[in-house]
Amino acid sequence: MTVFRIDRTTPLSADEAWQRLTDWPAHADGVPLTKISVLTPGPTRVGTVFVARTALGPAGFDDPMEVVHWQPPTAGSPGHCRLEKRGRTVLGWAEIHVQRTEGTGTAGITRVRWEEDLRAGPLPRLFDPLTARAGRAVFGRAVDRLLRG
C-alpha cells in the first residue's frame, strides 16, 4: 500500500475549488502524457466512470476510475469524493476533501486534501516509497495547477 497525502489552502470558495478539482478532463493538463475521457454522461455523481490514458506513442496504460462517493460542499458541510481505481495496471483509490474555514472578518480559506493509495500492479512493494514520492510530486503539481485555474 502506497498512501500519500497532499494538503493545500486556497482563497477560492469551497464550491469553486470543488468544481476545479472534480473537472476530470482538466487533470490531464497537469499530468504528463495523459488524456482523460469521461465515459458516463454528466453531471458527475456516484457511478461516474472515467479513464486516464497515459501513453508515449503506442506504449501506454489505462487507469479506469469510478466515483463511489460524491458529496459536494455546502454551507457548513465539507465536500468529499472517493474514486476507486478499477484497472489491472494501476490500483488503489483517491479521495478529495474540500472545506471552507472562516478567518477573521470576512476572510477565509478553503482547505483541500488529496489522499491516494497508488499501487502499480506489476511493481513489487519494494518500490512503494518511490511510488509515493512520484505520486506526491505529480498529483501535487496537478492540484496546484487546478486550483490556480
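Taking every alpha-carbon pair under 8 Å whose residues sit at least 6 apart, region 46-109 reaches a relative contact order of 23 percent. Where (i) -0.35, -0.59; (ii) -0.54, -0.85; (iii) -0.51, -0.73 are the candidate values, the label of the one calculated here for log10 I(q)/I(0) by the Debye sum over Cα atoms at q = 0.10, 0.13 Å⁻¹ is (i).
Relative to the longest principal Cα axis of the chain, at what angle does helix 128-148 sit, 0 to 90 degrees, rounded to 10? With rounding to tens, the tilt is 40 degrees. Under the shape rule built on the C-alpha gyration tensor, where the axes satisfy a ≥ b ≥ c, region 71-129 is oblate, since a/c reaches at least 1.5 while a/b does not exceed b/c. In the chain, with Lys and Arg counted as +1 and Asp and Glu as -1 at Cβ, which of these residues, Val112, Gly135, Trp93, has the Cα nearest the positive end of the dipole, that is, farthest along it? Ranked along the dipole, the leading option is Gly135.
Helical runs (DSSP H, four residues minimum) scored at -39500 (n - 2.57) apiece and divided by the length of the chain put the mean residue ellipticity at 222 nm at -6500 deg cm²/dmol.
No lab work stands behind these numbers, since they all come straight from the coordinates. Not measured: the values here are computed from a predicted model. Virtual Cβ from ideal backbone geometry, glycine too; neighbours counted across all protein chains shown.
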